[in-house]
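So the structure is just underneath, and the comments pick up after that.
The values are calculated or read from the model by the stated rules, or taken from the named source; none is laboratory data. Only a predicted model underlies this, so the values are computations on that prediction, with no experimental measurement involved. Positions of Cβ are backbone-derived with ideal geometry, glycine not excepted, and every protein chain shown enters the neighbour counts. In case anyone asks, the SASA skips ligands and DNA or RNA and just uses the protein heavy atoms, side chains included. Shrake-Rupley method; radii C 1.70, N 1.55, O 1.52, S 1.80 Å.
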Amino acid sequence: MDVKIDPSWRKVLEDEFDKDYFKTLAEFVRGEYQHAIVYPQPKDVFRAFDQCPFDNVRVVILGQDPYHGPGQANGLCFAVGEGVPLPPSLQNIFKEIKSDIGSQGEAIAKSGNLERWAKQGVLLLNATLTVRAREAGSHQSRGWEEFTDAAIRVLSEKRENLVFILWGNYAKAKGVHIDRSKHLVIESAHPSPFSAYNGFFGSKPFSKTNTYLSANGLQPIEWL
C-alpha cells in the first residue's frame, strides 16, 4: 500500500510510517486488496486527511469502520457518495441537525456526501480506515487504531481550540489522547438506530460546536 496522504499530514505523522506496526499494517492491507473485496477504494483510504489538511482542522468527528456495503464507503466517516441511499446512522445525524439548528436540515438529507463539511475543516475520521466487504470490524486490531490515535494525539498537542465529537463507546475510548484543557470534547451515544434514542438525539453537537468556535474567534461550520 503506497502511503499517498496530504503533505501537511505526512509532515506531522512522518514517524508513524517508519514504525514496525505500520509496515505490518501496510502489508496486511495490500494483501487484503489483492485477495478480497475491501472498502473504500485504495485512492480513498486517506481521503479524510486529503480533504482536510492539518492546519485547516477545526472539528474532528470520529467514526469506527468504513461502511462495508457496496458503493457506500468513500473515505469520510458516516458519508456516502452522491446518489447512494443514506445509511441509518447518517439519516439520524441529519435528523439531529434539523432538530438542533433548524428545519433546513431537510435540504441536505438528500445527499450523504459530506465533502462540504471536510472543506470547512471537519476531519471525518474513522478509527479503522479499511474493511472487508460485508464484514464489519474485519480490519480492527491490525494497526489502524494506533495510526489514528497518533493523528488525534498530534492534533491535540499541536493545535488549540478544536472540537472533538465522539459518538459511541468506541470513539469515546479514543478521547484519552485529547487534552481537554485546550479543546472541547462532545460525547454522546452513537447515531446508530440501536443507540440514537439513548442520548444521541437531543445532544445538540452541531450548535455546541459552533458556539465554542465562535467564542474562540473561529468561523462556525455551515452544517446545512
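A few remarks follow.
- Selection within the stretch 179-206 - of a type in the set (A, V, I, L, M, F, W, C) and outside any helix (DSSP H, G or I): 184, 185, 186, 189, 194, 200, 201
- Just one of the listed residues (39, 33) is open to solvent by 10 Å² or more (accessible area, probe 1.4 Å), of a type outside the set (A, V, I, L, M, F, W, C), farther than 21 Å from residue 185 by Cα and within 16 Å of the chain's Cα centre (by Cα), and it is 39.
- Residues that are open to solvent by 40 Å² or more (accessible area, probe 1.4 Å), within 24 Å of residue 25 (Cβ to Cβ), out of contact with any Leu (no Cβ under 9 Å at 6 or more places or on another chain) and not in a loop (DSSP other than H, G, I, E, B) are absent from the stretch 95-112.
- Subset of the stretch 55-70 that is under 30 Å from residue 184 (Cα atoms) and over 14 Å from the mean Cα position of the chain (by Cα) - its residue that is surrounded by the fewest Cβ atoms within 10 Å (Cβ to Cβ): 55
- Candidate set from the stretch 126-141 (those that are part of a loop (DSSP other than H, G, I, E, B) and farther than 15 Å from residue 45 by Cα); member that is most open to solvent (accessible area, probe 1.4 Å): 134
Quick grid of which residues meet (1) within 16 Å of residue 57 (Cβ to Cβ); (2) within 14 Å of the chain's Cα centre (by Cα):
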site	(1), (2)
164	yes, yes
176	no, no
189	no, no
194	no, no
212	yes, no
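- When residue 179 is tested against (1) touching a Ser or Thr at 6+ places or on another chain (Cβ under 7 Å); (2) open to solvent by less than 50 Å² (accessible area, probe 1.4 Å), exactly one condition is not met: (2).
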